[in-house]
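The next block holds one structure in the form of structure tokens; read it before the comments.
The values are calculated or read from the model by the stated rules, or taken from the named source; none is laboratory data. Model, not experiment: these values are computed from the prediction. Glycine also receives a Cβ, built like all others from the backbone with ideal geometry; neighbour counts cover every protein chain displayed. Keep in mind that these areas ignore ligands, DNA and RNA; they rest on the heavy atoms of the full protein, side chains included. Shrake-Rupley method; radii C 1.70, N 1.55, O 1.52, S 1.80 Å.
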Amino acid sequence: MKKIVIAAAIIAAGAGGYWYTQNGAGSSVSANPLLDYVPADTPIFSGQLKPFPLKAYLQSISGNYQQYPSNALAEFGELDSPMGKFFVSIYQQYMDGIKEPALLLKTFGFPDEVKPYIYTLGALPVLKIDVNQVDAFWAVLDKAEKDSGVTHEMRKVGDVDYRAYALSDETSTEKAELLFAQKDGILTITFSTSITEPELLEMAFGIKKAPHSLAASGILDDIIKTHGFKDDSISFINHVEIVKALTSADSNMLSKQLTKFFANESVGEDPLAQIRTPECRTELTAIAANWPRTVAGLTAFSVTEKESHMAASFVVETKNQPILAAMQKMRGFIPAHLADIDSTIFSMGIGLDVNEVAPSLTAIWDDLQKPQLTCAPLAELQAELSQQSPAMLGMFTGMANGVKGMSVSLLDFKMSTQDQEPKLESLDALVSLSAENPSMLFNMVKPFAPMLAEVQLADNGDATDLSPILMLPPELGVKPMLAIKGQHLVVYSGDKGLALANKLAGEKLSANGMYSLSADYGKMFTPMLTLLEMSGEPIPEEMKMLKDYNMRVQMSFDVNKQGLVIGSVANSKATEKK
């Protein structure tokens, strides 16, 4: 069973990455016919509202997979579960084709541009994607059957024929099946269980429209307008509908399915009984109204065969103004260069107004204490929280008075071998601590670091060499310099580190973010792999995949007037085939 889960996780990981890439580049939202089959009360939705240039995107990333070893999934080929082998075969066919995008599309029968959708009919997940050569896709499944020994059963609902693959054991009382169908050039992948009704499959396969559809609800238009997303693609998790399902027996499609499932005698006691009370329904509904949705959409999008660039935002919406205001007060300073994913190999920044941490967390803590909750599970959590007051944080944050943020950036490095041992030849880096008065902060720290007792820093930017203090040998190739640059206490190394420190000196403190992390895979891993090659040491196949991996990514966290925002940027450039 464990191996089946691992194999399924591989497929899920691939599907997750694919879902992310599909949030890209017209008709209006309401003009998408597939939305007529999606119910407005769907808890989860992710849809490509405009055609995504799949072939061009795959071309832009195909160079990253030239080092992909053909036997990377060999260990999963030994799974004792036929269904596990079935999933691995499909994924292996995908990985075999990704180096040649035209071949991959031909193998799976996908067109150059696609409009995939992922959503749920209550609890039933549905995946839809364009397919122009359905026989090619059936051939992929046929090969997976041959590789695994799995067989399918042909069935029909309405005018749609579909394949059904058993996921549960023959002896199991609960039946679960994986279904594949094609109608009007759209491939549908979904599931069925012992309680799945034929009407639900009719809606999943595009035979029967939803009584109240997502197209008619205006939900997608509202998300686009509220958050300023591009109308290429939109995703959301509807917290309100999920709470309805958990706290009532028949308020939406999901609640009816859960009620029916837990009414089955083989399930035993209803695990939702504790929260399906009037008190819990009222209080959880109020919480969901304050935190109604998690939404996602694109803020930037460009895809060609040579380069793909996508930026997306994931927003946890909230109408809780006390908590939102408290978190906004904690926002600190993130240096400008952290937003440029081409300027560093690796960077991380934390923006936090230390003076506001204790009072803001206390305000959040106070808000969570009221009103007094009566729903048993919520009351227990509230009681536990009441014993964890953050007021004591003030004693610790007082030591860092005036701090607004810190960052670390790796700009460049060179490595070589000496006597077959790795050696750091040079390092360009910058570490910064941003504060209202960095000189005073440095003098406060000195008593706790005796090695710095004799160091005197000038406010004019003159630097002190830390090599003698840290007793770093010259052959190490690192010469850390300590200085005050404007409102920033910095430690830098190398010419690039100095240049960036001087640039940072001109940046004034502003509340512009809370967290940022970026990485350039190619610049980070290629030098290290080259060093391993020079040393003659064998390189694992998994690590070879990272060589010349031409991709840059960035993640961030912030708070705006709509809620908590997680930002994501991915940039990939085509590389020459090896």
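Condition check ((1) surrounded by fewer than 18 Cβ atoms within 10 Å (Cβ to Cβ); (2) out of contact with any Gly (no Cβ under 6 Å at 6 or more places or on another chain); (3) modelled with pLDDT under 95) across all residues:
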site	(1), (2), (3)
Pro271	yes, yes, yes
Ala289	yes, yes, no
Thr294	no, yes, no
Glu317	no, no, no
Phe333	no, no, no
Thr362	yes, yes, yes
Worksheet item: Of everything in segment 386-429 that's crowded, with 20+ Cβ neighbours inside 10 Å and polar (S, T, N, Q), which residue is nearest to Ala519 (Cα to Cα)?
Response: Ser409
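Before we move on, is Pro125 at pLDDT 95 or above and not acidic (Asp, Glu)? Working first, answer last.
Working: at pLDDT 95 or above: yes; not acidic (Asp, Glu): yes.
Yes, satisfied.
Kindly indicate which of Ala511, Ala499 is among the small types (Gly, Ala, Ser) and assigned to a helix (DSSP H, G or I).
Being among the small types (Gly, Ala, Ser) and assigned to a helix (DSSP H, G or I) holds for just one of Ala511, Ala499, which is Ala499.
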Worksheet, complete the sentence: Of the candidates Ala449, Ala458, the one satisfying the condition of being of a type in the set (Gly, Ala, Ser) and either out of contact with any strand residue (DSSP E or B) (no Cβ under 9 Å at 6 or more places or on another chain) or modelled with pLDDT of 85 or more (or both) is Ala449
Practice prompt. Could you tell me whether Ile341 is under 30 Å from Asn571 (Cβ atoms) and either modelled with pLDDT under 95 or of a type in the set (Asp, Glu) (or both)?
Written response: yes
Discussion item. Residue under question is Ala139, and the condition is that it be at pLDDT 95 or above and open to solvent by 40 Å² or more (accessible area, probe 1.4 Å); does it hold?
Written reply: yes
Practice prompt. Consider only pairs whose beta carbons are under 8 Å apart and that are at least six residues apart or on different chains; among these, list those whose first residue lies in segment 93-106 and is in a helix (DSSP H, G or I) and whose second residue is open to solvent by 70 Å² or more (accessible area, probe 1.4 Å) and among the acidic types (Asp, Glu).
Written response: Leu105/Asp112
Item to complete: Quickly run through segment 493-534 and pick out the residues that are touching a helix residue (DSSP H, G or I) at 6+ places or on another chain (Cβ under 9 Å), hydrophobic (A, V, I, L, M, F, W, C) and modelled with pLDDT of 85 or more.
Response: Leu500, Leu504, Ala511, Met514, Leu517
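Any residue in segment 348-357 that is under 30 Å from Gly522 (Cβ atoms) and touching a Leu at 6+ places or on another chain (Cβ under 6 Å)? Lay out the reasoning, then the answer.
Initially, segment 348-357 is screened for residues under 30 Å from Gly522 (Cβ atoms), giving 348-351.
Remaining after also requiring touching a Leu at 6+ places or on another chain (Cβ under 6 Å): 348-349.
The answer is yes; a qualifying residue exists.
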Worksheet item: With (1) modelled with pLDDT of 95 or more; (2) among the hydroxyl-bearing types (Ser, Thr, Tyr); (3) not in a loop (DSSP other than H, G, I, E, B) as the list, and Thr42 as the residue in question, which single condition is left unmet?
Response: (3)
Worksheet, complete the sentence: Taking segment 461-497 and keeping residues crowded, with 18+ Cβ neighbours inside 10 Å, more than 19 Å from Asn443 (Cα to Cα) and charged (D, E, K, R) leaves Lys496
Worksheet item: Of these, Ala296, Ala245, Ala289, which one is within 31 Å of the chain's Cα centre (by Cα) and within 30 Å of Ser60 (Cα to Cα)?
Response: Ala296
